[in-house]
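S.K.: Questions regarding the structure given below will be posed in turn.
The values are calculated or read from the model by the stated rules, or taken from the named source; none is laboratory data. What you are looking at is a predicted structure, and each value in this text was computed from that prediction instead of being measured. No Cβ is skipped: glycine too gets one built from the backbone with ideal geometry, and neighbour counts run over all protein chains shown. Note: accessible area is taken over every heavy atom of the protein model, side chains too, but ligands, DNA and RNA are not part of it. Shrake-Rupley method; radii C 1.70, N 1.55, O 1.52, S 1.80 Å.
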Amino acid sequence: MAVEMRLPVARKPLSETLGRESKKHLVVPGDTITTDTGFMRGHGTYMGEEKLIASVAGSVERVNKLICVKALKTRYNGEVGDIVVGRITEVQQKRWKVETNSRLDSVLLLSSMNLPGGELRRRSAEDELAMRGFLQEGDLISAEVQAVFSDGAISLHTRSLKYGKLGQGVLVQVSPSLVKRQKTHFHDLPCGASVILGNNGFIWVYPTPEHKEDDAGGFIANLEPVSLGDREVISRLRNCIVSLATQRMMLYDTSILYCYEASLQHQIKDILKPEIMEEIVMETRQRLLEQEG
């Protein structure tokens, strides 16, 4: 039986260029953010003795006169228009319960989704009886946040053909604070795989389909066997995403692609070794800094 032994090594110091990165204002609960009374209180802050004090650990964000603290590790707080990846946990009357990494289960109403074939009509009793045929417990879906209720619960919809049931692929769970907000969260990467970067921290990696299924209404999952080459690309991407998340780097299409390219000189199984992970992420960070100029 082969045994691999690794000895401790001295941590490499960060290069000067990386050290000059724009430092974030980090706070812990109880830290004074500002004593200026002209600022408005946002999420993660409270007023005490005419001072604005942090109530969570995270980075301070300022928008004009509004100050809030974005928590570094938190459950997902939904915002209207967010793209999420979720798992069906329960089929109820005229609705599905969906796990989306938030404090409460999200809701997908039968009326908030396309019928198979894209029919536009009122939902009937027959549709309600066939709900488990559309989506059942354990199915993964991509959806958009339609509304956020006062208690924090989220209502979803899948009224576009780009949303719906997910087929074959790999689900990676990271902290929602690491997913960068962009105009689109559906990316076809040049390496032969695609990713859906859910704002809720659920990331779906899957083989890029050869042709889009426009007539399925988002209910027919492709269960064709995936080739060995595609499986290796997906496994490498998955390990790259885990590496970036472990090193607390923001996840978006460019950072994932640069990390993938940096990992090509290593075997897939070696990417998650601490020293290789650090080397790959360091190279990715360097390339991103060079690109930003």
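S.K.: Within the range 128-152, how many residues turn out to be open to solvent by less than 10 Å² (accessible area, probe 1.4 Å) and either among the acidic types (Asp, Glu) or at pLDDT 90 or above (or both)?
M.R.: The number of residues fulfilling the criteria is 4.
S.K.: Here's a follow-up. State all residues of the range 262-271 that are assigned to a loop (DSSP other than H, G, I, E, B) and surrounded by 14 or more Cβ atoms within 10 Å (Cβ to Cβ); if no residue qualifies, say none.
M.R.: Within the range 262-271, 266, 271 meet the criteria.
S.K.: Let me ask another. Is there a residue being within 15 Å of the chain's Cα centre (by Cα), over 18 Å from residue 256 (Cβ atoms) and touching a residue at least 40 places away in the same chain (Cβ under 8 Å) anywhere in the range 187-205?
M.R.: No - not one qualifying residue is present in the range 187-205.
Table: residues versus (1) closer than 15 Å to residue 152 by Cβ; (2) open to solvent by less than 40 Å² (accessible area, probe 1.4 Å); (3) modelled with pLDDT under 90.
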| position | (1), (2), (3) |
| --- | --- |
| 55 | no, no, no |
| 75 | yes, no, yes |
| 90 | no, no, no |
| 107 | yes, yes, no |
| 110 | no, yes, yes |
| 113 | no, yes, yes |
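S.K.: Could you please let me know if residue 275 is part of a helix (DSSP H, G or I), open to solvent by 20 Å² or more (accessible area, probe 1.4 Å) and at pLDDT below 90?
M.R.: yes
S.K.: From the list 192, 167, 217, exactly one residue is within 22 Å of residue 231 (Cα to Cα), buried (at least 16 other Cβ atoms within 10 Å of the Cβ) and at pLDDT below 90. Which is it?
M.R.: Selected residue: 167, the only one of 192, 167, 217 that is within 22 Å of residue 231 (Cα to Cα), buried (at least 16 other Cβ atoms within 10 Å of the Cβ) and at pLDDT below 90.
S.K.: Looking at the range 235-293, which of its residues are touching a Phe, Trp or Tyr at 6+ places or on another chain (Cβ under 8 Å) and of a type in the set (Ser, Thr, Tyr)?
M.R.: 284
S.K.: Every residue in the range 153-162 that is under 24 Å from residue 245 (Cβ atoms) and either modelled with pLDDT under 90 or over 18 Å from the mean Cα position of the chain (by Cα) (or both), please.
M.R.: none
S.K.: For the range 250-261, which residues satisfy the criterion of being surrounded by fewer than 21 Cβ atoms within 10 Å (Cβ to Cβ) and more than 14 Å from residue 197 (Cα to Cα)?
M.R.: The answer is 261, and nothing else.
S.K.: If a residue must be touching a Leu at 6+ places or on another chain (Cβ under 9 Å) and modelled with pLDDT of 90 or more, how many such residues does the range 59-73 contain?
M.R.: Looking only at that region, the number is 2.
S.K.: Another question, if that's okay. Among the residues of the range 170-189 satisfying the criterion of being of a type in the set (S, T, N, Q) and open to solvent by 30 Å² or more (accessible area, probe 1.4 Å), which is nearest to residue 87 (Cα to Cα)?
M.R.: The selected residue is 173.
S.K.: Next question. For residue 230, only one of the following conditions fails: (1) in a loop (DSSP other than H, G, I, E, B); (2) over 30 Å from residue 73 (Cα atoms). What is its number?
M.R.: Every condition holds for residue 230 apart from (1).
S.K.: Also: Scan the range 69-88 and give yes if some residue there is polar (S, T, N, Q) and without any contact (Cβ under 8 Å) to a residue 24 or more places away in the chain, otherwise no.
M.R.: no
S.K.: While we're on this one: Any idea which residue in the range 1-53 is surrounded by the most Cβ atoms within 10 Å (Cβ to Cβ), counting only those that are basic (Lys, Arg) and either part of a loop (DSSP other than H, G, I, E, B) or modelled with pLDDT under 75 (or both)?
M.R.: It comes out as 24.
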